Amino acid sequence: MKENLYIYAVGFMAQALFSARLIVQWIKSEKAGDSLSPAIFWQLSILASWLLFVYGLLRNDFAIIFGQIIAYTIYIRNLQLQNRWKKLPLISRILALGTPIIAIANILLNWELHHTLLFKNKDIPLLLLIWGMAGQITFTFRFVYQWIYSEKKGESCLPLGFWIISIIGSCMILSYAIYRTDPVLFIGQGFGMIVYARNIILIRKKKLMVNSEN
C-alpha cells in the first residue's frame with residue numbers, strides 16, 4: 001500500500017507540472033487574446049513527461065510509456081525552434097536525453113521480464129491496453145501535428161488542430177483511466193479539457209476579429 005502511494009506521488013507530481021504548463025500557457029494566452037506557445041510550456045513539458053515516463057514504468061503501463069517516448073522528442077524540438085534548448089543547464093539536457101534511452105535499453109535487455117509485465121499485466125486486459133495505446137497515440141499525435149505545423153511556419157506555435165486533437169485524445173484517455181482506476185490520469189485529463197476548450201475559443205475569437213478588420 002505504501003509503495004503504491006509513492007508511485008501515485010510520482011504520477012501526481014507529473015500531472016501537477018503538466019497542469020502548471022497549461023495554466024502558464026492559458027494566462028499568457030488570455031493576456032495576448034490568442035493561443036501562444038511560450039518556452040516555459042515546453043520546459044515544464046519535458047520535466048513532467050520525464051516524471052510520467054517513470055510513473056509508467058513503475059505502474060508497468062506500456063500505454064503511458066509509449067505516449068511519453070513520442071512526445072518527449074517533440075518538446076525538445078519546440079525548444080530548439082525557439083532557440084531555448086541550448087540555454088538549459090547541461091545536466092538538464094543530459095538527463096532529458098539520457099533517461100528514456102537508458103530506460104528503453106533496460107527494457108530491451110530484460111525483454112522477457114518486461115514483456116510479461118507490460119503486455120501480460122493481469123490488471124490491464126489486452127483490449128484495454130490497445131484502447132489505452134490508441135488514446136495515447138491520438139493524444140500524442142497532437143504534438144506530431146503541432147511539430148509539422150511549426151516546422152512549416154518556422155516557429156513554435158499551438159494551432160487550432162492541436163487543441164481539437166487534444167480534446168479527442170483526452171476523452172479516450174479519460175475512459176481508459178476510469179477502467180484502469182487511475183486517479184493520476186483522470187485528474188490530469190479532466191483539468192486539461194478546460195484549457196483545451198478555452199484555447200479553441202481564443203483562437204476562434206482571434207480569427208473573427210481578424211476577419212472583421214478585413
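Among the residues of the stretch 63-72, are any over 18 Å from the mean Cα position of the chain (by Cα) and among the β-branched types (Val, Ile, Thr)? If you could, list the steps in order and put the result at the bottom.
Quick first cut of the stretch 63-72, residues over 18 Å from the mean Cα position of the chain (by Cα) only: none.
No, there is no match, as no residue in the stretch 63-72 is over 18 Å from the mean Cα position of the chain (by Cα) and among the β-branched types (Val, Ile, Thr).
For the stretch 1-17, check the following and say yes or no: at least one residue is surrounded by fewer than 21 Cβ atoms within 10 Å (Cβ to Cβ), out of contact with any His (no Cβ under 7 Å at 6 or more places or on another chain) and part of a loop (DSSP other than H, G, I, E, B).
yes
Are any residues in the stretch 49-64 buried (at least 23 other Cβ atoms within 10 Å of the Cβ) and of a type in the set (A, V, I, L, M), and if so, which ones?
The answer is 52, 63, 64.
Just one of 130, 102, 70, 107 is at pLDDT below 85, within 19 Å of residue 179 (Cα to Cα) and in a helix (DSSP H, G or I); which is it? If you could, list the steps in order and put the result at the bottom.
Working: 102 fails: within 19 Å of residue 179 (Cα to Cα); 70 fails: within 19 Å of residue 179 (Cα to Cα); 107 fails: within 19 Å of residue 179 (Cα to Cα).
Residue meeting the stated conditions: 130.
If you check residue 37 against the conditions, is it outside any helix (DSSP H, G or I) and surrounded by fewer than 21 Cβ atoms within 10 Å (Cβ to Cβ)? Step through it out loud before you land on a result.
Working: outside any helix (DSSP H, G or I): yes; surrounded by fewer than 21 Cβ atoms within 10 Å (Cβ to Cβ): yes.
So residue 37 fits the description; yes.
Show the residue pairs meeting these rules: Cβ distance below 7 Å; 6+ apart or different chains; first residue within the stretch 18-39 and closer than 13 Å to residue 198 by Cβ; second residue open to solvent by 40 Å² or more (accessible area, probe 1.4 Å) and part of a helix (DSSP H, G or I).
Listed pairs, sorted by first residue: 26/198; 33/206; 34/206; 36/28.
Considering only residues that are in contact with a Phe, Trp or Tyr (Cβ under 8 Å, 6 or more places away or on another chain) and either in contact (Cβ under 8 Å) with a residue 40 or more places away in the chain or outside any helix (DSSP H, G or I) (or both), which ones fall in the stretch 141-157?
143, 146, 156, 157, listed by residue number.
Report, by residue number, each residue of the stretch 77-99 that is open to solvent by less than 70 Å² (accessible area, probe 1.4 Å), outside any helix (DSSP H, G or I) and farther than 19 Å from residue 149 by Cα.
Across the stretch 77-99, the qualifying residue is only 88.
The values are calculated or read from the model by the stated rules, or taken from the named source; none is laboratory data. Since the model is a prediction, treat every value here as computed from it, not as a measurement. As a convention, Cβ positions derive from the backbone with ideal geometry for all residues, glycine included, and neighbour counts pool all protein chains shown. Note: accessible area is taken over every heavy atom of the protein model, side chains too, but ligands, DNA and RNA are not part of it. Shrake-Rupley method; radii C 1.70, N 1.55, O 1.52, S 1.80 Å.
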